[in-house]
Amino acid sequence: MTAYTATVTVRLKHGVLDPEAETTKQALDRLGFELSALRSADRYEIDLEADGADEAEARADEMAERLLANPTIHDYEVSVVEAAAAQ
Amino acid sequence: MTVAVIQFGGSNCDRDAVRALNYLGIDAERVWHEDGLPEDTTGIMLPGGFSYGDYLRAGAMAARSPIMAEVREAADDGVPVLGVCNGAQVGSESGLTAGAFTTNKSARFQCEHVHLRVENADTPWTEEFDEGDVIEVPIAHGEGRFEITDERYDELEANDQILFRYCDADGNLTDEANPNGSTGNVAGILGDDDSVAVLMPHPERATLPDVGGTDGADVLTGFRV
């Protein structure tokens, strides 16, 4: 078994309104920054032991599928690195 | 006949729900989620609140608690299920109904009275109404914006699964009357069977005459069927 860190990034699907991101953008506008858009995403870092990177990714993928993301509004992506490499 | 009002950690409308149902002569009791559904359960209400602190997404954690598997099984057997506010979010997250309830367009928690138009009067929850009737009930939520894919939305419409839409006092579906930016002004929908319904507004807060309007009472009487 090897220690891995899987990173799951969950973001709203293209076209789904993100009021919090819009509010954040407006605050940056007020601070004088110039930007044309801002998107937000949630990132989960999961430490787990697995026989290989593929297995670690498959398990993190299932976690995203079953809980971390809501398929109606979210897209997600999973990436995996060996824990030693992540530190 | 007992309606089980399921209490999760962070539910806070469970007492109101029991009191409103009892006032209507409907037997109801609070059921702690870890205790499972009582055997004599003839109806299930998922109450409002902030289950699990709304962590991750409103309703996401409660939707995956073991009792919800029992709720889905009961719903499949025809036991009436009503999800209100956080209960609607739980119902949606657990797959009892389509779509998702997410952050209000305003990005704010909104606590106000709204008008709803009855879209389908041929359900246990609306049989006291006529299609097109307008009722007044309160909302209190930060994540009530109904989102759904275009394809699933068309299916909901085609199957007459839209129960209530936000409207003005005259029943017009306007953007101004849509408090949270919900797709199609949708405030409440039905599951695959019309014995399952979820809605963001609070009928139990508009049932006891002492606390204001009573338009919500005729929704809760759906449990009498």
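Quickly run through region B:155-177 and pick out the residues that are part of a helix (DSSP H, G or I) and not acidic (Asp, Glu). Spell out how you get there, then give the answer.
Within region B:155-177, the first condition is being part of a helix (DSSP H, G or I), and the residues that meet it are B:155-158.
Passing the criteria: B:156, B:158.
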Exercise for the section: Select, from B:71, B:18, B:3, the only residue that is free of Cβ contacts under 8 Å to residues at least 24 places away in the same chain and under 18 Å from the mean Cα position of the chain (by Cα). Expected result: B:18
Exercise for the section: Would you mind telling me which numbered condition in (1) in contact (Cβ under 8 Å) with a residue 12 or more places away in the chain; (2) under 26 Å from residue A:19 (Cα atoms); (3) in contact with a helix residue (DSSP H, G or I) (Cβ under 9 Å, 6 or more places away or on another chain) residue A:49 fails? Expected result: (2)
Practice task
Evaluate the following for residue B:36: is it surrounded by 19 or more Cβ atoms within 10 Å (Cβ to Cβ), at positive phi and not aliphatic (A, V, I, L, M)?
Solution key: no
Practice task
Can you give me the number of residues within region B:44-65 that are of a type outside the set (D, E, K, R), within 12 Å of chain A (Cβ to nearest Cβ) and assigned to a loop (DSSP other than H, G, I, E, B)?
Solution key: 5
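Of A:49, A:20, A:62, which residue is open to solvent by 70 Å² or more (accessible area, probe 1.4 Å) and in a strand (DSSP E or B)? I'd like the intermediate steps shown before the answer.
On the way: A:20 fails: in a strand (DSSP E or B); A:62 fails: in a strand (DSSP E or B).
A:49 is the lone residue from the list that is open to solvent by 70 Å² or more (accessible area, probe 1.4 Å) and in a strand (DSSP E or B).
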Completion exercise
Those residues of region B:99-119 that are among the basic types (Lys, Arg) and farther than 22 Å from residue B:152 by Cβ come to a total of 1
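Which of the following residues is under 30 Å from residue B:182 (Cα atoms), more than 14 Å from every other protein chain (Cβ to nearest Cβ), open to solvent by less than 50 Å² (accessible area, probe 1.4 Å) and β-branched (Val, Ile, Thr): A:72, A:9? Give the steps one after another, and end with the answer.
Values: A:72 fails: more than 14 Å from every other protein chain (Cβ to nearest Cβ).
A:9 is the lone residue from the list that is under 30 Å from residue B:182 (Cα atoms), more than 14 Å from every other protein chain (Cβ to nearest Cβ), open to solvent by less than 50 Å² (accessible area, probe 1.4 Å) and β-branched (Val, Ile, Thr).
Quick one: is residue A:42 within 13 Å of chain B (Cβ to nearest Cβ), surrounded by 12 or more Cβ atoms within 10 Å (Cβ to Cβ) and either of a type outside the set (Phe, Trp, Tyr) or in a helix (DSSP H, G or I) (or both)?
On the way: within 13 Å of chain B (Cβ to nearest Cβ): yes; surrounded by 12 or more Cβ atoms within 10 Å (Cβ to Cβ): yes; either of a type outside the set (Phe, Trp, Tyr) or in a helix (DSSP H, G or I) (or both): yes.
For residue A:42, the condition - within 13 Å of chain B (Cβ to nearest Cβ), surrounded by 12 or more Cβ atoms within 10 Å (Cβ to Cβ) and either of a type outside the set (Phe, Trp, Tyr) or in a helix (DSSP H, G or I) (or both) - is met.
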Problem - Unique match (being on the phi < 0 side of the Ramachandran plot and buried (at least 19 other Cβ atoms within 10 Å of the Cβ)) among B:119, B:136 - result: B:119
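So, in region B:178-191, of the ones that are outside any loop (DSSP other than H, G, I, E, B) and at negative phi, which residue ends up surrounded by the fewest Cβ atoms within 10 Å (Cβ to Cβ)? Write out each step before concluding.
We begin by selecting, within region B:178-191, every residue outside any loop (DSSP other than H, G, I, E, B); these are B:183-190.
Then drop every residue that is not at negative phi, which leaves B:183, B:186-190.
Values: B:183: 17, B:186: 27, B:187: 29, B:188: 29, B:189: 25, B:190: 26.
For region B:178-191, the residue satisfying everything is B:183.
The values are calculated or read from the model by the stated rules, or taken from the named source; none is laboratory data. Computed from a predicted structure; not experimentally measured. Here Cβ is always computed from backbone atoms with ideal geometry, including for glycine, and neighbour counts include all displayed protein chains. Please note that ligands, DNA and RNA were not included when accessible areas were found on the heavy atoms of the full protein model with its side chains. Shrake-Rupley method; radii C 1.70, N 1.55, O 1.52, S 1.80 Å.
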